[in-house]
Structures are given as structure tokens and as C-alpha cells.
Amino acid sequence: MPIDLPPHEVAAFRRGEAPAPMLDLIGLMACHAIGAARSLGLFDALAAGPLTTDELAEAVGAAPDGLDQLLGLLRATGYVERRDGRHANTPATAAWLCSTSPVDYGRILGLWQAIVEEQWAGLAAAVRSGTPAGGFYTWLAGRPDLSSAFHDLQRGLAEWLAEEVVSLVPLPEASKSLLDLGGGHGSYAEAFCRAYPGLSGTIVDSAVAERSDGNLTWRAADLLTADLPGEQDVTVLFNVLHGFGAADAAALVTKAAGTLRAGGLLIVLESMSEHRGNAADLAFSAGFSLNLWHTQGGGLHAPDTIRGWLEAAGCTAGPWRELTRSPAHALLTANKVADQS
């Protein structure tokens with residue numbers, strides 16, 4: 001919500017002299033207004049140039065009076081502006097909400113709106129009892145439009161981070177095998193195989209169709225119960241552990257370590273609850289962790305906790321390394337210790 005509050009108004013909200021929840025209420029209204037605007041094709045219509053209300057109404061097939069009310073809220077919340085009687089997208093809208101934007105954040109917004117409105121209904125009861133509602137992937141499977149947006153989001157994030165991840169982690173010399181646990185899109189395994197031509201990747205995920213494509217193979221299986229291939233040179237757990245509670249996440253780390261040959265490399269990529277990001281990044285991380293807990297029974301695990309799981313599984317871990325492309329993500333590598341018995 002790019003409202004440009006003057007400093008004295010910001011100060012009043014911070015002092016409690018103005019009702020801070022009012023800003024959240026406006027954000028809720030704006031979220032729905034953006035969804036309606038996208039359904040109408042309003043932002044895309046304005047991407048071609050400023051239009052009057054009547055011209056825009058004709059372009060998107062809407063009644064001018066209702067459209068004018070919608071534009072009023074979008075203008076007040078910083079998503080459109082009026083120039084000489086014509087409406088235009090603001091820079092924020094052009095950058096993030098048009099279908100031609102480099103990142104179509106409108107799909108992300110729609111996904112999260114549905115998650116919060118539909119999946120968080122029992123949040124108070126879950127917090128009171130300590131029992132998460134769960135069922136996220138069952139719910140998602142029943143919403144094909146949201147499922148598509150969710151998986152596109154996961155793939156897009158992986159494609160954005162993969163180049164940096166590969167550059168930060170040199171694989172053991174002469175590595176031939178890589179096991180990707182939970183990376184159904186295959187983007188990370190593909191990036192490593194592209195950087196190391198002699199490498200073959202196996203991707204194990206419960207939500208994939210079994211297939212092979214060049215030096216990549218997909219296998220459908222539950223990570224916690226499946227028999228996993230052993231003697232791997234490299235095994236990766238990328239953005240996976242946060243989907244599990246502590247006990248299951250620790251068990252998965254142990255299973256991952258068990259897939260490695262002596263001296264093999266285990267790589268963990270995870271979102272961090274505390275990181276160098278700005279206030280908005282940190283607030284989103286807190287909401288993301290709450291959502292993981294409530295809808296999946298997971299959460300953002302502490303870096304030292306993950307390190308402890310690796311060491312308990314017989315690995316020697318290096319330092320956490322923050323990514324430059326995403327301040328909320330960090331990498332941890334660990335080598336499987338040779339059996340001394």
C-alpha cells in the first residue's frame with residue numbers, strides 16, 4: 001500500500017494518537033480493490049496510456065459510476081493517478097501489477113489473499129490449543145488457479161536464486177550425483193547440472209510426475225517415508241525444512257545425511273526469521289512463519305537449530321551465508337563425516 005504519509009501523520013500513528021489498525025483496514029480494502037482492478041483488466045488498459053473514466057469504462061467493459069468509485073480508492077492508495085482528467089498507472093503499478101511487469105505481483109497478492117482469508121479462519125483456536133489447522137496442500141489441490149500461482153511462485157524464486165546459489169557452493173571434485181529433496185520444479189538441480197556437465201540429478205518430491213529429461217530424473221515419493229538413494233556426492237534441501245515441524249525437520253536432515261557418501265556435501269537453503277532485510281521484509285517473514293505453522297505445522301527454524309540437526313546427523317557444518325538476491329535466505333553447507341569405526 002504505497003500511501004505517502006507525511007511525517008507528522010506517521011508520528012501520530014506511532015505515538016498511538018491515531019488508530020494504527022486503520023492502516024491495516026485500508027490495506028485490506030486496497031487488496032480487494034487491486035483484485036477487482038486486475039479482474040477488469042484495468043491496469044493493463046492503462047498501460048497503453050492515460051484514459052478518461054468513460055474511455056477506461058469502455059475499454060474494460062465496466063459501468064462508469066462504479067469504475068469511478070474503484071478508481072477513487074486506487075488513487076487514494078497510490079495505484080493510479082489522475083492527470084488532466086485522465087487516469088494513469090503509477091510507477092508502482094507499472095512495475096508490479098501489469099501482466100507485462102517483470103514480476104506479476106498481482107498473482108502473488110491474489111494467492112496470499114486467498115490463503116489468509118480462507119486458511120487463517122481458525123487461527124485463534126489453533127493458537128489457543130497449540131494445534132495447527134494444517135491441510136494446506138489439500139486445500140491448494142482443490143484450487144487449480146491458486147495451485148498454478150503457488151507453483152509458479154516457487155519456480156520463479158528458484159530460478160532467481162539458483163545462479164547465486166550455484167556460484168556460492170563449489171561441489172566436491174568429480175561429483176557425479178546430486179539428490180534434490182523437495183525441489184519438484186527442478187530449477188536448482190538443473191542449474192547445478194548445467195554448471196557441472198558430468199553431474200546427474202535426481203529430484204524426489206511427493207507432487208511430481210515421474211519422468212526423465214536428459215541428466216535429470218524426477219521421482220514421486222514422500223520425503224519422510226521413502227527409501228532414498230544412497231552414496232550421493234551432493235544432497236540438497238532447498239526451502240524444504242520450513243514446511244515441517246521441528247521433529248520431522250530434524251528427521252529429514254538425518255535422512256538427507258544418510259544419502260551421502262563419506263565426505264559428501266549436504267546443502268541447506270532456508271528462509272530466516274531474522275535477517276538484514278528492511279522492515280517490510282521482516283514483517284513478511286514473521287507472517288510467512290505464522291502461516292507455515294498454522295497451515296502446515298512448520299515454521300522458520302532458527303539457524304543454530306538447523307546446524308545442530310546437521311551435526312547430530314554426522315555432518316560438519318560451515319558458516320551460514322546470506323544471499324545478496326534475497327536478504328531473507330541463507331545457505332549452509334556441511335560435509336558427511338567418514339565413519340571412524
Legend entry - Those residues of the stretch 68-90 which are in a helix (DSSP H, G or I) and in contact with a Ser or Thr (Cβ under 6 Å, 6 or more places away or on another chain), in sequence order: Asp68
Legend entry - When residues of the stretch 91-112 are limited to those that are outside any helix (DSSP H, G or I) and surrounded by 15 or more Cβ atoms within 10 Å (Cβ to Cβ), the one farthest from the chain's Cα centre (by Cα): Cys98
Legend entry - Which numbered condition Leu310 fails, given (1) in contact with a strand residue (DSSP E or B) (Cβ under 6 Å, 6 or more places away or on another chain); (2) within 23 Å of Tyr137 (Cα to Cα); (3) surrounded by 22 or more Cβ atoms within 10 Å (Cβ to Cβ); (4) among the aliphatic types (A, V, I, L, M): (2)
Inset, instruction - Inspect the stretch 263-279 for any residue being surrounded by fewer than 16 Cβ atoms within 10 Å (Cβ to Cβ) and in contact (Cβ under 8 Å) with a residue 60 or more places away in the chain and give the result as yes or no. - result: yes
Legend entry - Scope the stretch 220-233; condition surrounded by 15 or more Cβ atoms within 10 Å (Cβ to Cβ) and within 23 Å of the chain's Cα centre (by Cα); matching residues: Ala220, Ala221, Leu223
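Would you mention how many residues in the stretch 324-334 are surrounded by 18 or more Cβ atoms within 10 Å (Cβ to Cβ) and either within 14 Å of Thr254 (Cβ to Cβ) or in contact (Cβ under 8 Å) with a residue 60 or more places away in the chain (or both)?
Summing the residues that are surrounded by 18 or more Cβ atoms within 10 Å (Cβ to Cβ) and either within 14 Å of Thr254 (Cβ to Cβ) or in contact (Cβ under 8 Å) with a residue 60 or more places away in the chain (or both) in the stretch 324-334 gives 7.
Condition check: closer than 29 Å to Arg143 by Cβ and in the same structural domain as Phe288 (by TED's automatic domain parsing). Does Ala124 satisfy that?
Yes.
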Inset, instruction - Quick one: count up the residues across the stretch 160-186 that are closer than 24 Å to Ser326 by Cβ and out of contact with any Phe, Trp or Tyr (no Cβ under 9 Å at 6 or more places or on another chain). - result: 8
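Between Leu282, Leu269, which is in contact with a Leu (Cβ under 6 Å, 6 or more places away or on another chain) and under 21 Å from Leu161 (Cα atoms)?
Only one candidate qualifies: Leu269.
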Inset, instruction - Give me the pairs, please: first residue somewhere in the stretch 15-44 and closer than 19 Å to Val116 by Cβ and at pLDDT 95 or above, second residue anywhere and basic (Lys, Arg) and in a helix (DSSP H, G or I), beta-carbon distance under 9 Å, and either six or more positions apart or on two chains. - result: Arg38/Arg107
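Does Ala226 meet the test of being at pLDDT 95 or above and either of a type outside the set (Lys, Arg) or more than 29 Å from Pro327 (Cβ to Cβ) (or both)?
It is false that Ala226 is at pLDDT 95 or above and either of a type outside the set (Lys, Arg) or more than 29 Å from Pro327 (Cβ to Cβ) (or both).
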Inset, instruction - Report whether or not Val236 is touching a residue at least 24 places away in the same chain (Cβ under 8 Å), closer than 24 Å to Gly299 by Cα, under 23 Å from the mean Cα position of the chain (by Cα) and surrounded by fewer than 19 Cβ atoms within 10 Å (Cβ to Cβ). - result: no
Legend entry - Output for the stretch 39-69, where each listed residue is of a type in the set (Phe, Trp, Tyr) and surrounded by fewer than 17 Cβ atoms within 10 Å (Cβ to Cβ): none
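The values are calculated or read from the model by the stated rules, or taken from the named source; none is laboratory data. Nothing here was measured: the structure is a model prediction, and the numbers come from that model. So basically every Cβ, Gly included, is an ideal-geometry build from the backbone, and we count neighbours across all protein chains shown.
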